[in-house]
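The structure appears right after this line, and notes come after that.
Here, each number is a calculation from the coordinates, and none is a lab measurement. It should be emphasised that the depicted structure is a prediction, and the values quoted were computed from it without experimental measurement. Ideal geometry is used to build each Cβ from the backbone, glycine not excepted, and the neighbour counts take in all protein chains shown.
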There are 2 protein chains.
Amino acid sequence: MEKKYLFSPGPTMLPAQVLLRMAEPIMHHREPEFEKIFAEIREGLRYLFQTKQEVLVFTSSGTGAMEGAVSNILSKGDRALVVRGGKFGERWGEICKAYGIDFIPIDVEWGRAVDPKKIEQILESNPPIRAVYTQATETSTGVRHPIKEIAEIVRRFEDTVIVVDAITGIGVFDIPMDAWGIDVLISGSQKALMLPPGLAFAALSDKAWKFVERSDLPKYYFDFKKELKSAKKNQSSYTPAISLFVGLRETLKMIREEGLEAVFRRHERLASATRAAVKALGLELFAPETPSNALTAIKIPEGIDGSKLQDLFFERFGITVAEGQDRAKGKIIRIAHLGYYERLDMIMVISALEMLLKEMGYAFELGSGVRAAEEVLMA
Amino acid sequence: MEKKYLFSPGPTMLPAQVLLRMAEPIMHHREPEFEKIFAEIREGLRYLFQTKQEVLVFTSSGTGAMEGAVSNILSKGDRALVVRGGKFGERWGEICKAYGIDFIPIDVEWGRAVDPKKIEQILESNPPIRAVYTQATETSTGVRHPIKEIAEIVRRFEDTVIVVDAITGIGVFDIPMDAWGIDVLISGSQKALMLPPGLAFAALSDKAWKFVERSDLPKYYFDFKKELKSAKKNQSSYTPAISLFVGLRETLKMIREEGLEAVFRRHERLASATRAAVKALGLELFAPETPSNALTAIKIPEGIDGSKLQDLFFERFGITVAEGQDRAKGKIIRIAHLGYYERLDMIMVISALEMLLKEMGYAFELGSGVRAAEEVLMA
């Protein structure tokens, strides 16, 4: 018998009942029934983003909304600051480059969070910087950046906005958009939202909408102003991924029923249990100081082949975990616990890790990882 | 009992077996199994587009690929020619405008096809025009434009490419990309491809790829060169709409099993039957001279309220047909027959049309539309 399990940081495991709702005969996106779904989604996304603003929905990967957060926010000649502490931080820089936007990178060691003071220094000594681009979780390293602190700094600069890619973050831990004064908050469907990939989200503060008014960079499909106008009529500007919208209504309902606070606590618990297991096994976290509750990045111990470990996860147990990307390739594996995961899911993947490490000759006490996780989960 | 039927030109009715395949637990897009699916899709799309080129797949509405066909093909200062015979022709103009591209519009009366001679004249008298943007079917009017003839003209101009939005066209009638010398051919998932919306396609000729090399307009998510590189590794540049890819493999298989020639004949038959019914009912086609086999646009007869007719289709029979858009609003209804439709589907919708017209006081012989359709379908 072969069962399969996803522990990758997107796509993540999906609730079967949501998959089946999405398999219902497709409806037309101009029908009143779809507009009702759209209205529910708008409300549910406001709850999830903790904002009074409209949350725009695009049919695309999360990267599409990231691009929109450059092409709609900035104007020719603007300068930006980009936090680069991993593959997705680098993506902000690539997008700026594609639009001819000059940017100052803050290169952070992979596995570390950015120091907000550095951002403050650069904003103060290099005016005007129009936007600070960062991640809530840098998915490639498992690091959580200090968004609250960065937002507090940026708020003091009238002509600067903070743009947060929270594709890995929203629905995992608390990122209250309005309360923290985040100007642009972005997410995607295939992570904590328990859906297949294909939808991207973006919400903007009043301050950010003023930047949009001024922006002169070219945009069409990811035109935020146009999409805002459509959303207010419970429509999308272009034919939306209807089946994903249908699923989104369901998963937003699930999140609402569980309650955001409980959702955050669940992720905190799963992440703590995973980290405790890692330590009990004598392994090291790749982001020991500022780990995200979305995923746990584990350093591959001396003498173990990281790629082989990842392959064996799949071969022996049907489990997909993520290996390191780019410069972290072969050095880490990443185990995700964001979205449709609960306590016993983590026990499974930790147990599999134990059995594989034993097989690969790594010395430790079998069962010690699971025991440490259980202790956290029972607390 | 309430049954629902889609006769809108996107989204269209979907095969239940494909919906169920897409409801299977999601896989990771870097798994060998997904790469196998990707490889099959590449092959299937080449068959569908009748090309040796790579067909790029984007997670977006069709409009995303249209935008890419401007931002990847043109460069600053380039001029374009845009065929505007409906809402989607206008979209080409809007995209050019968004990118600061100067364009000459050919405004064609809604319901008519463009005259290729006009294109020839403009290309000859206004060099250099770098690209001609048109539709295979103008979905808003039901018109089929003479792509073969336009492509023949454009081919004579070394520095000009023809870009065809065949979102409503591919898999309906013959548009052999390589044989006709089409430079950029675009499509989407939610029409003849029998899938939910969410995927867009673009294939480029060698000539068009040279334009891409030269292009200096900003692009990131819809970067054709980057996507080509990824596709050759059976990957997408950004997390793809995995479930739609899984469905795409199935529907491409269905098309291949039926065979393109048979697919085109089926659409020709359904369209002919629908048009025969329309005429038998004493109604007029909106595109009498150059109707597309994808959909049939029917003029609303004197004394009938077009919006009410559309509403009654849904209220009485659960049928979604499309009304006119923009300047055709209230003047036409559009009945689609592209994708997962066969003979008796058309009988249903024609019969519903008869019953509704009778109810609304339009004078005609009940059953005459269905009879005319049957005569065509039996031939």
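So what's the net charge close to B:Ala363: Lys and Arg +1, Asp and Glu -1, counting the other residues with Cβ under 13 Å from its Cβ?
After counting each charged neighbour, the total is -3.
What are the residues whose amide H is under 5 Å from the amide H of A:Arg79, where those residues sit 5 or more places off or on another chain and H is modelled from the backbone?
The list, which skips near neighbours in sequence, is A:Arg130.
Using only Cα atoms, locate the centre of segment A:251-299 and the centre of segment A:6-55, then give the distance between them in Å, rounded to an integer.
Comparing the Cα centres of segment A:251-299 and segment A:6-55, I get a distance of 24 Å.
On full extension of the chain, what length is gained from B:Arg214 through B:Asp102, given 0.36 nm per residue of separation minus the C-alpha to C-alpha distance?
38.6 nm
Kindly write out, for segment B:162-167 in residue order, the coupling ³J(HN,Hα) from the Karplus curve 6.51 cos²θ - 1.76 cosθ + 1.60 (θ = phi - 60°), rounded to whole Hz, with x marking Gly and Pro.
My calculation for segment B:162-167 gives 10, 10, 10, 7, 10, 4 Hz in order.
Taking square-rooted eigenvalues a ≥ b ≥ c of the alpha carbon gyration tensor, is segment B:74-156 rounded, prolate or oblate, where a/c under 1.5 means rounded and, failing that, a/b exceeding b/c means prolate?
Oblate, since a/c reaches 1.5 and b/c is not below a/b.
Lysines near A:Lys232 by alpha-carbon distance under 25 Å, same-chain residues fewer than 8 away left out - which ones?
Cross-link targets: A:Lys36, A:Lys52, A:Lys207, A:Lys210, A:Lys219, A:Lys253, B:Lys87, B:Lys97, B:Lys308, B:Lys329.
What is the protein assembly as shown by shape, rounded, prolate or oblate, if you read a ≥ b ≥ c off the alpha carbon gyration tensor as root eigenvalues and call it rounded for a/c under 1.5, prolate for a/b larger than b/c, and oblate otherwise?
Cα axes put the protein assembly as shown in the prolate bin.
Counting partner chain Cβ atoms within 10 Å of every residue's Cβ in B:60-73, what's the average?
That works out to 4 on average.
How large is the charge dipole for segment B:256-379, taken about the Cα centre, if only the Cβ atoms of Lys, Arg (+1) and Asp, Glu (-1) carry charge, to the nearest 20 debye?
About 160 debye.
Can you tell me which of A:114-124, B:155-165, A:134-144 comes out highest on packing, and rank the rest after it, using the mean Cβ neighbours within 10 Å?
Those peptides, ordered most packed to least, come out A:134-144, B:155-165, A:114-124.
Rounded, prolate or oblate: which one fits segment A:36-119, using the alpha carbon gyration tensor with axes a ≥ b ≥ c (rounded when a/c is under 1.5, else prolate when a/b beats b/c, else oblate)?
Prolate, since a/c reaches 1.5 and a/b exceeds b/c.
Obtain the nm distance between the two label points defined at B:Glu261 and A:Glu35 by a simple spin-label model: each point lies 7 Å from its Cα along the Cα-to-C-beta direction.
Calculated label separation equals 4.7 nm.
Let me check I've understood the local charge: for A:Ser215, count other residues with C-beta under 11 angstrom from its C-beta, Lys and Arg +1, Asp and Glu -1. What total comes out?
+2
Residue by residue through segment A:142-159, which ³J(HN,Hα) values in whole Hz follow from phi under the Karplus form 6.51 cos²θ - 1.76 cosθ + 1.60 (θ = phi - 60°), with glycine and proline marked x?
Result, rounded to whole Hz: x, 8, 9, 7, x, 5, 4, 5, 5, 4, 4, 5, 4, 4, 6, 9, 4, 9.
Contact order normalised by length for chain A, with contacts defined as Cα pairs under 8 Å and 6 or more residues apart; what percent is it?
23 percent
Amide H to amide H, which residues 5 or more places from B:Glu323 or on other chains are under 5 Å from it, using H placed in the peptide plane?
B:Arg334
Using a 10 Å cut-off on Cβ to Cβ distances, tally the other chain neighbours for every residue of A:26-35 and report the average as a whole number.
Shielding by partners across A:26-35 averages 4.
Considering only DSSP states other than H, G, I, E and B, which GluC sites (Glu not before Pro) in segment A:301-369 qualify as loop sites with at most 15 other Cβ atoms within 10 Å?
Answer by residue number: A:Glu302, A:Glu342, A:Glu365.
Provide the packing ranking of B:99-110, B:290-301, i.e. peptides ordered by the mean count of other C-beta atoms within 10 Å per residue, highest first.
With the highest mean Cβ count within 10 Å placed first, the list reads B:290-301, B:99-110.
Below 13 angstrom from the Cβ of A:Leu312, what's the summed charge of the other residues (Lys, Arg +1; Asp, Glu -1)?
-3
Need one number for chain B: average projected area of the convex hull over its C-alpha atoms, nm².
18.5 nm²
In terms of modelled amide H atoms, which long-range or inter-chain residues lie less than 5 Å from the amide H of B:Ala192?
Close amide H contacts, sequence-distant or interchain: B:Gly169.
Semi-axes of segment B:225-379's equivalent ellipsoid from the Cα gyration tensor, sqrt of 5 times each eigenvalue, largest first, rounded to whole Å?
36, 19, 14
Please report, in debye to the nearest 20, how large the charge dipole of chain B is about its Cα centre when each Lys and Arg carries +1 at its beta carbon and each Asp and Glu carries -1 there.
Using only the charged Cβ atoms, the result is roughly 480 debye.
Taking a point 7 Å out from Cα toward Cβ as the label site, list the nm distances between A:Gly318 and the same residue in every other copy, smallest first.
3.5
Helix-only mean residue ellipticity at 222 nm, the protein assembly as shown, DSSP H runs n ≥ 4 weighted -39,500 (n - 2.57), per residue, nearest 500. What is it?
Rounded to the nearest 500, it is -13500 deg cm²/dmol.
Where is the GNM fluctuation largest for chain B (alpha-carbon springs, 10 angstrom cutoff): B:Leu20, B:Leu48, B:Leu270?
Its mean-square fluctuation being the largest, the pick is B:Leu20.
In whole Hz, with x marking every Gly and Pro, tabulate ³J(HN,Hα) for segment A:204-210 from phi via Karplus 6.51 cos²θ - 1.76 cosθ + 1.60, θ = phi - 60°.
The phi angles translate into 10, 6, 4, 4, 5, 4, 5 Hz.
Just checking the output field for A:189-202: average partner chain Cβ neighbours within 10 Å of each residue's Cβ?
Mean shielding by partner chains, rounded to a whole number: 4.
Are there trypsin sites (Lys or Arg not before Pro) in segment A:310-379 that DSSP puts in a loop and that have at most 14 other Cβ atoms within 10 Å, and which ones?
For trypsin sites (Lys or Arg not before Pro) across segment A:310-379 that sit outside H, G, I, E and B with at most 14 neighbouring Cβ atoms in 10 Å, the list reads A:Lys329.
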